[in-house]
Amino acid sequence: SADVESLKESPLNMKVVGVMSGTSVDAIDVVVANVNCAREGVGTSVSQVAFGSVPWDTAMKSKIFDAMNSRGISAELPFSVAQLCRLNFELGECFADAILTVLKRQNIPITDVDVICCHGQTIWHDVDAQGHVTSTLQIGEGSVIAARTGVTTVTDVRVADVAVGGQGAPLMSTFDMTVMRSPAQIGYRALQNIGGIGNVTFVPPPHDAGQTPLAFDTVRGTFSLTLWFDWLRTALRSMIKTVKGHGRGTYTAR
């Protein structure tokens, strides 16, 4: 209709909240940004308004890792469908609380927010022997976030990408294509994101209108670092306790 075509031509200015918890399960990251889109992605600009992180508490972090490892209440039992169902809603509450906490810290009224996008917490990302992503699962119920905040909430972005043949990292490549492409760019530009799992986007130059960006996962990133630091911290604590047991030095838990 004429109204729809008029909307496409009109500038779109929105205050957006992005919510992310990565594979390392360190914290819930919340960013508030102004997104100004001139016309269907052309001339898009993004400016950060605020950012904050809310660490996962130990009990919830353990539940998430249990779900990832299919480990139930006891080592002999798998993580059940009932547990996963409950955890989905619990994480929705956690994401909503994190959003409201960061907005309160930054003195930003929730009524100023136009839309929330929540990536969710990846529990399983299924890749076959040929490197094709066959399915993916993120939890953190978006309906709970919308109900607690009163703001329209977008979720399942990884699922949507995999459904059309992608590897499940659509947000970085979309950002790279719309914001990081330079008018002066001559050849392709490669942008590497190092998250829990790294991914790269090859952005075509603006003059090559027929080309689309190419994006895919590379290797483990901060996930491996987290595992290594957790191992190192455990080893150091064990060493310190051993030294203390021999009557030398002191031990302070951190």
| Would you pick out the residues in region 63-79 that are of a type in the set (Gly, Ala, Ser), open to solvent by less than 60 Å² (accessible area, probe 1.4 Å) and at pLDDT below 90? | Gly72, Ser74
| Pick from Thr201, Thr242, Thr234: which is under 25 Å from the mean Cα position of the chain (by Cα), among the β-branched types (Val, Ile, Thr) and at negative phi? | Thr201
| Residue list for region 178-189, filter: of a type outside the set (Ser, Thr, Tyr) and either exposed (fewer than 11 other Cβ atoms within 10 Å of the Cβ) or in contact (Cβ under 8 Å) with a residue 40 or more places away in the chain (or both) | Val179, Pro183, Ala184, Ile186, Gly187
| message | Looking for something outside any helix (DSSP H, G or I), at positive phi, modelled with pLDDT under 90 and not charged (D, E, K, R) - is there at least one such residue anywhere in region 27-50? | response | yes
| Has region 80-87 got any residue that is assigned to a helix (DSSP H, G or I), open to solvent by 70 Å² or more (accessible area, probe 1.4 Å), farther than 16 Å from Val30 by Cβ and of a type in the set (D, E, K, R)? | yes
| Pair list, Cβ under 7 Å, 6 or more apart: region 140-167 residue aliphatic (A, V, I, L, M), other residue open to solvent by 30 Å² or more (accessible area, probe 1.4 Å) and assigned to a helix (DSSP H, G or I) | Val144/Phe89; Val144/Glu93; Val151/Ile110; Val157/Leu171
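The values are calculated or read from the model by the stated rules, or taken from the named source; none is laboratory data. Keep in mind it's a predicted model, so treat the numbers as computed, not measured. Please note: Cβ atoms are built from the backbone with ideal geometry, for glycine as well, and neighbour counts cover all protein chains shown. Note: areas computed on protein heavy atoms with side chains; ligands, DNA, RNA excluded. Shrake-Rupley method; radii C 1.70, N 1.55, O 1.52, S 1.80 Å.
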